[in-house]
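Read through the structure below, which is laid out as structure tokens, and then see the notes.
The values are calculated or read from the model by the stated rules, or taken from the named source; none is laboratory data. This structure is a prediction, so every number in the text was calculated from the model and none was measured. Note: ideal-geometry Cβ built from the backbone for every residue, glycine included; neighbour counts use all protein chains shown.
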Amino acid sequence: MAITKIFIGGPTQAGKSTLAKHISWTTGLLAIDLDIDRWITFARSRFNYKHRTPLQRWRTIQMMQARRSSFVAEGIYLSPQDAGRYLRDNASVLTLFIGYPNVSVADKKYLIQRNGYRDSHYLKRLSDAALDQRLQNGIRISRMQRTVCQNLGIPYFDFSDITQQLQNQEKVAFWVQRRMEQDKG
């Protein structure tokens with residue numbers, strides 16, 4: 001069966017959205033942000049917000065899969081454990097994770113500022129200390145997800161080399177495109 005759905009997971013500022021857009025552009029698949037569901041839910045219930053359970057998140061993903069025949073979806077709330085549990089045996093789904101387990105907070109912060117991401121809506125609100133904390137968490141999550149992906153056999157791509165960020169995204173997009181072509185034939 002051909003791959004028609006791609007899920008990309010990873011921590012904040014790993015490059016998931018950019019990679020999803022690049023894959024969307026090269027394959028023609030619709031790019032979807034899985035995290036938007038969380039923010040819409042939060043906005044509706046402002047003071048009553050509770051984190052969704054993994055099962056609730058996967059029900060949302062299942063509904064999305066039922067509505068769309070093909071897409072590339074990305075988000076921080078996709079965990080390797082859930083991907084292994086819910087998506088592993090589905091031949092039409094390709095799941096991969098990206099992260100930056102081997103980078104310093106200072107280097108990652110430099111990349112964000114160099115590329116103008118510090119002006120984005122969500123980063124603009126963060127103090128320098130809060131951004132440092134967010135990036136430290138991203139490094140910790142990257143290391144954890146890399147280990148879990150290795151144990152589960154889920155593809156994991158290390159985007160730690162900040163000088164090669166764009167080239168890494170192009171390589172991964174090319175890898176995805178090749179996988180899709182191999183599964184067709």
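Against the numbered list (1) in contact (Cβ under 8 Å) with a residue 60 or more places away in the chain; (2) under 19 Å from Ala31 (Cβ atoms), Gly138 comes up short only at (2). When segment 140-167 is filtered for residues that are more than 14 Å from the chain's Cα centre (by Cα), more than 21 Å from Ala106 (Cα to Cα) and outside any helix (DSSP H, G or I), only Gly153 remains.
All of Asn137, Asn102 fail the test of being at pLDDT 75 or above, more than 16 Å from Leu19 (Cβ to Cβ) and in a loop (DSSP other than H, G, I, E, B), apart from Asn102. Within segment 146-177, the residues that satisfy the criterion of being within 21 Å of Ser70 (Cα to Cα), in contact with a Phe, Trp or Tyr (Cβ under 9 Å, 6 or more places away or on another chain) and not small (Gly, Ala, Ser) are Ile154, Pro155, Gln169, Val172, Trp175. Among (1) of a type outside the set (Phe, Trp, Tyr); (2) modelled with pLDDT under 90; (3) under 27 Å from Ile3 (Cα atoms), which single condition is Ile162 missing? For Ile162, the failing item is (3).
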